[in-house]
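Asker: Please find one structure pasted underneath; my questions will follow.
The values are calculated or read from the model by the stated rules, or taken from the named source; none is laboratory data. Note that the structure is a prediction, hence the values are computed from the model and not measured. Glycine gets a Cβ as well: all are built from the backbone with ideal geometry, and neighbour counts include every protein chain shown.
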Amino acid sequence: MAAGTVPRGVARVADAALEASVVASFGRPGYLARRALYGWGPPASDGAGRVAVVTGASSGIGRAVAEALVRSRWSVVAVSRDPGRNAACVDELRAIAAGDRDAGRVTGAVADLSDLGEVRELGSALRAEHVRLDALVHDAGVLHRTFHRTDQGFEATFALHVLGPTLLSALLLDLLRAAGASGAGSRVVTVSSGGMYPSRLDLERLEHAAPASYHGAVAYSLAKRAQVELGVEWARRLARTGVVALTMHPGWVATRSLDAGLPAFARAARGLLRTPEQGADTAVWLACAPREEVAGGGFYLDRRPRALHLTPWTRTTAVERSRALDRVATLAGADVPSASGR
Ligand SMILES: NC(=O)c1ccc[n+]([C@@H]2O[C@H](COP(=O)([O-])OP(=O)(O)OC[C@H]3O[C@@H](n4cnc5c(N)ncnc54)[C@H](OP(=O)(O)O)[C@@H]3O)[C@@H](O)[C@H]2O)c1
């Protein structure tokens, strides 16, 4: 079957059938089948003059996102926590850019994004260095198998996936608005997970997590659910700004954190896992696609928005989502647009 020769309606029916079989859909077969069905081109368009901040850029999916953007001439700020891994990643990305005299600039920034003080410092440094931001990709994430508390007293999964990204988005909103006012609009892309499907939005549980009742996979699922629900609310509040908020699922991807967080699953699914580049494809595409091709607040897998809920009991209301964003903003000390969008 030649790429792109399948009629769109047929491709969508085949895609829906694939989606129903979760294992194939989330695994490598899902990516390969959809790429063939829709005849995808490369995910990134020419990004000369555009700037992206990519968190989690030192390995796995974030590394692949950063590399795809660098290859497409974006200027990229690669953010991660470990200084040695960050420096190595910046060196590698610069070596890739060196082959192209029109390539953008690659810089690195080290921050523990579960530490709100470090997120603030990162935000200040980025604001001092840049006047516009075309894409903010929140990729940094990890499944903590044991309970950790941050210096600010929050459970680490909640802090890293929910509080830190909310604060960073808020701190960089002026830069995102500046880029959003022109052309394609700017993007905030959050790498969530299909692991959020079993959970309902429950901030109370995230906020009041305790060591005795902590379960890493549950905390991760709740945090990933919160990312998706907050993404819908961010998109609503930013609707008239040119800044488009989106969330996505990369599929099941062979990475360091999958091995560490879910070792038995990683072993059992080994032959089915996507490469980091395959997992990164949709995040890169969301950062680069023309404005009219992306739906703010959507939860994407393989370049298409997917259901936010697979069961009725996980559904939330607009009021709950709005309250949740306000509560997260209060906890993180983040200045987010008001519920009326101002
Ligand atoms: N792999 C999968 O199957 C899968 C499926 C669904 C969703 N995801 C999501 O995809 C994202 C990327 O994960 P991955 O699988 O690519 O894992 P990975 O290869 O282990 O990469 C994780 C990245 O996050 C950074 N990071 C972790 N904790 C951090 C912190 N406290 N502060 C700053 N940076 C931090 C790491 O930086 P250091 O190098 O400094 O540690 C690294 O760059 C995560 O949000 C994950 O939840 C993954």
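Asker: For the range 65-74, state whether one or more residues are in a loop (DSSP other than H, G, I, E, B), under 19 Å from the mean Cα position of the chain (by Cα), among the charged types (D, E, K, R) and under 30 Å from Glu118 (Cα atoms).
Answerer: No, there is no match, as no residue in the range 65-74 is in a loop (DSSP other than H, G, I, E, B), under 19 Å from the mean Cα position of the chain (by Cα), among the charged types (D, E, K, R) and under 30 Å from Glu118 (Cα atoms).
Asker: What do you reckon, is Ser75 crowded, with 20+ Cβ neighbours inside 10 Å and away from the ligand (no atom under 16 Å from the Cβ)? Reasoning before the result, please.
Answerer: Values: crowded, with 20+ Cβ neighbours inside 10 Å: yes; away from the ligand (no atom under 16 Å from the Cβ): yes.
The answer is yes for Ser75.
Asker: Also, quick follow-up: Checking the condition under 15 Å from Pro43 (Cα atoms), touching a Leu at 6+ places or on another chain (Cβ under 7 Å) and away from the ligand (no atom under 16 Å from the Cβ), which residue from Val328, Val336, Val294 passes? Break it down into steps so the answer makes sense when it comes.
Answerer: On the way: Val328 fails: under 15 Å from Pro43 (Cα atoms); Val336 fails: under 15 Å from Pro43 (Cα atoms).
Sole residue among the options that is under 15 Å from Pro43 (Cα atoms), touching a Leu at 6+ places or on another chain (Cβ under 7 Å) and away from the ligand (no atom under 16 Å from the Cβ): Val294.
Asker: Sticking with this one: Take Ala170 and decide whether it is touching a Pro at 6+ places or on another chain (Cβ under 9 Å) and assigned by TED's automatic domain parsing to the domain that holds Thr314.
Answerer: For Ala170, the condition - touching a Pro at 6+ places or on another chain (Cβ under 9 Å) and assigned by TED's automatic domain parsing to the domain that holds Thr314 - is met.
Asker: Now, a different point. Hey, any hits in the range 202-212 for a residue that's under 19 Å from the mean Cα position of the chain (by Cα) and either closer than 26 Å to Val294 by Cα or outside any helix (DSSP H, G or I) (or both)?
Answerer: No; the residues of the range 202-212 include none that is under 19 Å from the mean Cα position of the chain (by Cα) and either closer than 26 Å to Val294 by Cα or outside any helix (DSSP H, G or I) (or both).
Asker: With the requirement that a residue be within 21 Å of Gly180 (Cβ to Cβ) and either touching a Phe, Trp or Tyr at 6+ places or on another chain (Cβ under 7 Å) or within 9 Å of the ligand (Cβ to nearest atom) (or both), what does the range 232-252 give you? Even if it seems obvious, please write down each step before you answer.
Answerer: To start, the set of residues in the range 232-252 that are within 21 Å of Gly180 (Cβ to Cβ) comprises 232-248.
Result: Ala245, Leu246, Thr247, Met248.
Asker: Sort through Gly195, Gly164 and tell me the only one that's buried (at least 24 other Cβ atoms within 10 Å of the Cβ) and not in a loop (DSSP other than H, G, I, E, B).
Answerer: Unique residue meeting the criteria: Gly164.
Asker: Let me ask another. Quickly run through the range 153-201 and pick out the residues that are within 16 Å of the ligand (Cβ to nearest atom), among the polar types (S, T, N, Q), more than 25 Å from Leu310 (Cα to Cα) and touching a strand residue (DSSP E or B) at 6+ places or on another chain (Cβ under 9 Å).
Answerer: First, the residues of the range 153-201 that are within 16 Å of the ligand (Cβ to nearest atom): 153-169, 171-172, 188-199.
Retained after the next criterion (residues that are among the polar types (S, T, N, Q)): 157, 166, 169, 190, 192-193, 199.
After this cut, where a residue has to be more than 25 Å from Leu310 (Cα to Cα) as well, the list is 166, 169.
If the condition is that a residue be within 16 Å of the ligand (Cβ to nearest atom), among the polar types (S, T, N, Q), more than 25 Å from Leu310 (Cα to Cα) and touching a strand residue (DSSP E or B) at 6+ places or on another chain (Cβ under 9 Å), then Ser169 is the only one that fits.
Asker: May I pose another question? Out of the residues in the range 45-72 that are surrounded by fewer than 21 Cβ atoms within 10 Å (Cβ to Cβ) and of a type in the set (Ser, Thr, Tyr), state the one that is farthest from the ligand (Cβ to nearest atom).
Answerer: Ser45
Asker: Taking Val142 as the residue in question, decide whether it is within 12 Å of the ligand (Cβ to nearest atom) and either more than 19 Å from the chain's Cα centre (by Cα) or outside any strand (DSSP E or B) (or both).
Answerer: For Val142, the condition - within 12 Å of the ligand (Cβ to nearest atom) and either more than 19 Å from the chain's Cα centre (by Cα) or outside any strand (DSSP E or B) (or both) - is met.
Asker: Output the residue which, of all residues in the range 253-287 that are of a type in the set (D, E, K, R) and either within 11 Å of the ligand (Cβ to nearest atom) or more than 14 Å from Ala24 (Cα to Cα) (or both), is surrounded by the fewest Cβ atoms within 10 Å (Cβ to Cβ).
Answerer: Arg267
Asker: Hey, another quick one. Would you say Ala36 is outside the structural domain of Ser182 (by TED's automatic domain parsing), out of contact with any helix residue (DSSP H, G or I) (no Cβ under 6 Å at 6 or more places or on another chain), touching a residue at least 12 places away in the same chain (Cβ under 8 Å) and surrounded by 14 or more Cβ atoms within 10 Å (Cβ to Cβ)?
Answerer: Criteria met by Ala36.
Asker: Given (1) within 20 Å of Glu320 (Cα to Cα); (2) surrounded by fewer than 23 Cβ atoms within 10 Å (Cβ to Cβ), where does Leu206 come up short, assuming only one miss?
Answerer: Of (1) within 20 Å of Glu320 (Cα to Cα); (2) surrounded by fewer than 23 Cβ atoms within 10 Å (Cβ to Cβ), only one is false for Leu206: (2).
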